[in-house]
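Trainee: This is the structure, below, for whatever I ask next.
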Amino acid sequence: MRRLQDDNFCSLNFFAIKPVKKEKYFIIYCLLKYYGVIGKMDKAHTDLKKERGDVMSTEKIKELAEKYYPEVVELRHYFHMYPELAFEEVKTAAKVAETLERLGIEVQTGVAKTGVVGLIRGGKPGKTVLLRADMDALKVQETADVPYKSKVPGVMHSCGHDGHTAGLLGAAMVLNDMKEELPGNVKLVFQPAEEEDGGALPMIEEGVMENPKVDAAFGCHLWGNLLEGKLQFKKGSLMASPDAFDITIIGKGGHAAMPHLSIDPVVMAAQVIDQTQAVVSRRKSPLAPAVVSFTMVHGGDAYNVIPNEVKLAGTIRTIDHQTRKWIPEAMEAVVKGVTEAGGGSYEFSVKKRFPPLINDDEMTDVAIDSAEKIVGRDNITVSKEPNMGGEDFAYFAQEVPSCYFFVGIAKSEDEPVSHHHPEFQWNDRNMILSMEALAQVAVDYLNRD
Ligand SMILES: [Zn+2]
Ligand SMILES: [Zn+2]
């Protein structure tokens, strides 16, 4: 095995060792090459070097993560005490920028209003990997009794984005110390407004995927349904597209005792609601998950008056692009048919929100392998079920091969932690896993052949 450490042994350069006996060595080389021995030795040599490099990088990541952990906890407590709503993350962005600048990392601020982008340039040329955190809080009054309780009335980090922001800063500290060995760059994206209109798309529109061009993206969410110490992954569709629809059924108002003299929008609205359920249950493949929920029905304001119109609205949740496109088309066909048959007319519109979040299979494998180095195979779960919630990391995943994963914060299976709840709280220590996993996946992605 010692000889495998000698680079010359496995290459043509070994002719230089004893030039006098060139012919003899050439015959031996040809024979070894013919029987595939040289190839195997080269591969064994590369594998050995890679394995040794992997162990070293994981040890270094863990050591650095522990070194920076106290500072990351302080940052998290600061973000938690001063939570800010979507596109108002001014103090948060300033703290992020200040921290990155102090580390000597290139910083760009004011991207999509309050977004911040950091760039760690590796010591060697290579690809660029993007790591993303979201920074916004929610309109929730904190009731949890923690020493770092929110100081802003009615606003709270009740989804864990304080931990995402601090955790990514922690990963930045680790990676910045390893930058000379990195074959490529790490782009650190701190985005605004995940909880509302989404900050990912405007950041992309303002060029976050360029200069240098991003090749892959990774991100994670602290997750209340997953046990502490565990990391969860899923290939393919992970989260739904939370689109919204508005329908106006237009009839002709009149006396409720003489319906034949009016065109009743209430009856047409009832048929639309009923027939739309058949779009989901009868016309769509049962293997393509989707939900259509009518959540608002408004029409009429008297016992004896047929109204002119009825307004309907609700949400369409899908997890693949094809079903997402097809369901509104099928719904509009129902509305058109019902109103035509009833003598009325309609207006129909869909507000497209985030696309479905679809993980790339290969990047998910890369992330699982990296996670295994951090927590071991027993602490990794691979889920088969998507989640019908939405997440605007989906926009990054549409641009480049990506993987979004979950980091556990639940203390026991019987006590899942509810996100968006006034009592939402979790142990700081869980951030060490997100720091290590994000740093490891960035190192591994950039070192891929
Ligand atoms: Zn949330
Ligand atoms: Zn969230």
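The values are calculated or read from the model by the stated rules, or taken from the named source; none is laboratory data. Just so you know, these numbers come straight off a predicted model, no measurement behind them. Using ideal geometry, Cβ is built from the backbone for each residue, glycine included, and neighbour counts are taken over all protein chains shown.
Trainee: Any chance you could count how many residues in the range 184-214 are β-branched (Val, Ile, Thr) and assigned to a loop (DSSP other than H, G, I, E, B)?
Mentor: 2
Trainee: In the range 54-81, what residues are more than 21 Å from residue 163 (Cβ to Cβ) and touching a residue at least 40 places away in the same chain (Cβ under 8 Å)?
Mentor: 54, 57, 58, 60
Trainee: Same structure, new question: So which of 333, 288 ends up being under 22 Å from the mean Cα position of the chain (by Cα) and either of a type in the set (Asp, Glu) or not in a strand (DSSP E or B) (or both)?
Mentor: The match here is 288.
Trainee: Evaluate the following for residue 224: is it surrounded by fewer than 24 Cβ atoms within 10 Å (Cβ to Cβ), within 16 Å of ligand 2 (Cβ to nearest atom) and over 14 Å from the mean Cα position of the chain (by Cα)?
Mentor: In short, yes.
Trainee: Then there's this: Quick check on residue 211: is it surrounded by fewer than 23 Cβ atoms within 10 Å (Cβ to Cβ), without any contact (Cβ under 8 Å) to a residue 24 or more places away in the chain and away from ligand 2 (no atom under 16 Å from the Cβ)?
Mentor: yes
Trainee: Still on this model: Applying the selection to the range 113-140, what residues are touching a strand residue (DSSP E or B) at 6+ places or on another chain (Cβ under 7 Å), in a loop (DSSP other than H, G, I, E, B) and away from ligand 1 (no atom under 16 Å from the Cβ)?
Mentor: Passing the criteria: only 122.
Trainee: Would you please list the contacts, defined by Cβ atoms under 7 Å and residues six or more apart or on different chains, that run from a residue in the range 154-168 that is farther than 10 Å from residue 80 by Cα to a residue that is polar (S, T, N, Q) and more than 10 Å from ligand 2 (Cβ to nearest atom)?
Mentor: 154/141; 165/92; 167/434
Trainee: Does the range 210-229 hold any residues that are under 19 Å from residue 393 (Cα atoms) and within 16 Å of ligand 1 (Cβ to nearest atom), and which are they?
Mentor: 219, 220, 221, 222, 223, 224
Trainee: Right, something else. Only one residue in 248, 165 is modelled with pLDDT of 95 or more, of a type in the set (Val, Ile, Thr) and part of a helix (DSSP H, G or I), so which one is that?
Mentor: None of the others qualify; the one that does is 165.
Trainee: Condition (residue is under 24 Å from residue 111 (Cβ atoms) and under 27 Å from the mean Cα position of the chain (by Cα)) applied to the range 227-240: is it met by at least one residue?
Mentor: yes
Trainee: Here is a further query. In this structure, is residue 323 in the same structural domain as residue 283 (by TED's automatic domain parsing), free of Cβ contacts under 8 Å to residues at least 40 places away in the same chain and within 25 Å of residue 242 (Cβ to Cβ)?
Mentor: Criteria met by residue 323.
Trainee: Say we look at the range 188-207 and pick out the residues that are of a type outside the set (Gly, Ala, Ser) and buried (at least 24 other Cβ atoms within 10 Å of the Cβ); which of these is nearest to residue 87 (Cα to Cα)?
Mentor: In this case the residue turns out to be 192.
Trainee: Could you go through the range 277-295 and let me know if any residue there is more than 26 Å from residue 337 (Cα to Cα) and without any contact (Cβ under 8 Å) to a residue 60 or more places away in the chain.
Mentor: yes
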